[in-house]
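Enquirer: Handing you a structure now.
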Amino acid sequence: MRLLRLYLVGMSPSTCPVALAAAREAFPGAKVAEVGSMEEVGLGSEAPDLELVVLAEPDTSSAAHAIQALDSDGLPRWAVVILGRDMGEFAETLSPEHWDPPLIARVFRSAVQQHQLLRENLRLQGDLRTIARRITHDLNTSVGCIFTSAQVLKAVMLPDEKGPNEAMVQNIENSSTEIAQIIERVSFVLRASADPHLPEPVRMGEVVANVLLELDADIKGVEATVALPATWPAVRGVHQWLHVIWWNLLKNALTHGGARPQVQLMWRVEEDALRFAVVDRGAAISASIKAGLFRPFDQLHMMPARGIGLSLVQRLVALQGGHCGYKRLDGSSSSFYFTLPAEDTRRLRREQGSFDGRKQVSLKDVADGSCEDLPHSGATGLTAGPLEDAMDVANPAQPVG
Amino acid sequence: MNILIVEDHPRIARVTEVALDLLGCRAFTTHNTADAAKLFFTEKLGAVFLDVNLKGESGLEFLSQLTAWDSRIPVIIFTAKFKGEFAEEAQRRGAFGCLAKPFSLDDLRRQLTQIELYHGQRGGTLITQEGRDNS
């Protein structure tokens with residue numbers, strides 16, 4: 001049994017018996033100390049496992065003192081319940097009409113439980129930050145050293161040392177590259193989860209353009225064609241996260257889109273959201289694989305080993321208030337899509353209505369900055385069916401205006 | 001070209017030194033900013049390669065110090081990938097470029113080409129102790 005100590009602070013003759021009765025009901029056997037002010041709280045020599053501070057009609061300063069107190073680990077020191085007027089969201093508050101021992105007892109228990117959960121949550125967030133920043137930095141440094149050393153070894157290798165030696169050094173280089181990529185991806189999702197960003201206005205065309213530039217060598221390598229809509233909307237989101245989402249979806253299409261992949265990037269307005277999609281003509285995905293495609297990152301430990309790219313997409317989309325998924329379209333195409341919440345969908349619908357089909361823009365346009373919000377592609381445009389067709393199949397309930 | 005490497009991780013420092021040597025440069029390696037400051041004022045340098053995560057020291061603050069001493073010296077910072085915040089802050093403080101870890105010989109070669117171009121545009125002269133004294 002964990003040691004619990006309750007402090008009843010500033011109780012009047014009328015509130016004290018009620019609070020005492022509630023304390024006994026909530027935590028039989030807990031130590032209860034009645035004190036006059038916050039300065040007297042926590043002065044005992046015995047360090048309890050849990051502390052609950054109950055303040056009766058406190059002034060703002062006492063309430064703040066109680067709520068803001070931290071322990072030596074920098075975590076909230078105790079649970080706080082205020083009997084009196086509402087003092088903010090960080091403490092349970094009970095107004096006088098609810099001062100009934102059984103109800104107060106429930107509030108005491110709930111406050112202690114919330115306090116424990118808050119401390120645990122803060123501790124786990126700290127773990128995430130530590131893994132994301134410190135451990136991945138240290139791992140990345142060591143792996144980086146192996147990678148660069150392998151490159152140097154290859155460069156200084158004499159012709160008669162090549163053959164199997166070179167193949168082994170190449171193995172080291174490739175393996176360290178893979179490790180570095182895993183470290184990067186995992187640390188990215190950990191950082192995103194531990195330190196959520198507030199959404200900001202983002203020009204989606206700019207994000208897609210940068211991703212296409214980054215994947216230009218891959219696009220050319222597999223002789224892919226990427227078709228784009230004539231324009232892109234501005235969204236509210238996190239630029240860096242959107243970059244990673246598009247990067248993973250496009251990379252996925254280039255990898256699994258079959259020979260000389262034909263890829264279409266699309267968007268449309270829905271009732272209160274914007275939907276974006278990457279459509280390719282790769283083979284259909286089996287039902288068992290489909291079920292685990294966008295498996296949440298926190299459940300990956302239960303899955304057989306597979307890539308983490310789409311789980312990363314799922315987390316980053318969810319953190320921005322959207323959702324993502326996969327649809328097989330008309331037997332020959334696959335659509336990987338994600339949504340983002342949108343406020344002014346009527347305006348976006350009008351904007352989208354003023355464009356039709358896709359527009360081909362070269363990487364030179366992107367590099368020149370001559371295409372502003374417009375789409376960007378390093379390859380020739382497709383001559384596929386209307387944009388609406390594929391999007392409607394992905395979500396038949398939402399016609400495009 | 002003489003290059004000053006400021007990197008507290010000895011193996012990274014060593015492999016960077018060997019790689020730079022392979023690419024025709026002469027590297028001076030230090031593991032802290034105090035030694036780096038001494039070399040900065042005693043050697044003729046073409047560039048500085050600086051780690052932003054130095055043990056117990058701020059590489060970014062040292063970057064500001066370097067550019068305050070001599071704004072003409074190209075400083076390349078080592079960063080981890082996806083550390084956009086460091087790259088932006090380093091740029092604000094006058095960094096010439098970023099080299100994301102893990103870096104390849106080609107990455108290093110590209111940075112050196114940029115540095116050579118920069119010096120070429122400045123008249124082909126490397127930044128020397130005398131130059132710093134006169135600036």
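The values are calculated or read from the model by the stated rules, or taken from the named source; none is laboratory data. All figures in this text were calculated on a predicted structure; none of them were measured in a lab. As a convention, Cβ positions derive from the backbone with ideal geometry for all residues, glycine included, and neighbour counts pool all protein chains shown.
Enquirer: Which helices (runs of 4 or more DSSP H) does region B:1-97 wholly contain that include 2 or more residues that are touching a His at 6+ places or on another chain (Cβ under 9 Å), touching a residue at least 12 places away in the same chain (Cβ under 8 Å) and not basic (Lys, Arg)?
Expert: Where helices (runs of 4 or more DSSP H) fall fully within region B:1-97 and carry at least 2 residues being touching a His at 6+ places or on another chain (Cβ under 9 Å), touching a residue at least 12 places away in the same chain (Cβ under 8 Å) and not basic (Lys, Arg), they are B:10-22.
Enquirer: Quick check on residue B:97: is it under 14 Å from residue B:115 (Cβ atoms), out of contact with any Asp or Glu (no Cβ under 8 Å at 6 or more places or on another chain) and within 14 Å of chain A (Cβ to nearest Cβ)?
Expert: no
Enquirer: Consider residue A:178 against the criteria (1) within 14 Å of chain B (Cβ to nearest Cβ); (2) within 26 Å of residue A:315 (Cα to Cα); (3) buried (at least 17 other Cβ atoms within 10 Å of the Cβ); (4) modelled with pLDDT of 85 or more: it satisfies all of them except one. Which criterion is unmet?
Expert: Tallying (1) within 14 Å of chain B (Cβ to nearest Cβ); (2) within 26 Å of residue A:315 (Cα to Cα); (3) buried (at least 17 other Cβ atoms within 10 Å of the Cβ); (4) modelled with pLDDT of 85 or more, residue A:178 fails exactly one: (3).
Enquirer: Are any of the residues in region A:240-253 farther than 18 Å from residue A:189 by Cα, out of contact with any helix residue (DSSP H, G or I) (no Cβ under 8 Å at 6 or more places or on another chain) and surrounded by fewer than 22 Cβ atoms within 10 Å (Cβ to Cβ)?
Expert: no
Per-residue answers, yes or no, for (1) out of contact with any helix residue (DSSP H, G or I) (no Cβ under 8 Å at 6 or more places or on another chain); (2) among the polar types (S, T, N, Q):
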{"residue": "B:2", "(1), (2)": "yes, yes"}
{"residue": "B:10", "(1), (2)": "yes, no"}
{"residue": "B:18", "(1), (2)": "no, no"}
{"residue": "B:32", "(1), (2)": "yes, yes"}
{"residue": "B:41", "(1), (2)": "no, no"}
{"residue": "B:62", "(1), (2)": "no, no"}
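Enquirer: While we're here: When you go through (1) in contact with a Gly (Cβ under 9 Å, 6 or more places away or on another chain); (2) within 26 Å of residue A:225 (Cβ to Cβ); (3) modelled with pLDDT of 70 or more; (4) surrounded by 20 or more Cβ atoms within 10 Å (Cβ to Cβ) one by one for residue A:283, which number turns out not to apply?
Expert: Result: residue A:283 passes all but (4).
Enquirer: Still on this model: For region A:229-256, enumerate the residues that are modelled with pLDDT under 90 and basic (Lys, Arg).
Expert: None - no residue of region A:229-256 is modelled with pLDDT under 90 and basic (Lys, Arg), so the list stays empty.
Enquirer: It is to be established whether one or more residues within region B:45-54 are surrounded by fewer than 18 Cβ atoms within 10 Å (Cβ to Cβ) and among the polar types (S, T, N, Q).
Expert: Scanning region B:45-54 turns up no residue that is surrounded by fewer than 18 Cβ atoms within 10 Å (Cβ to Cβ) and among the polar types (S, T, N, Q).
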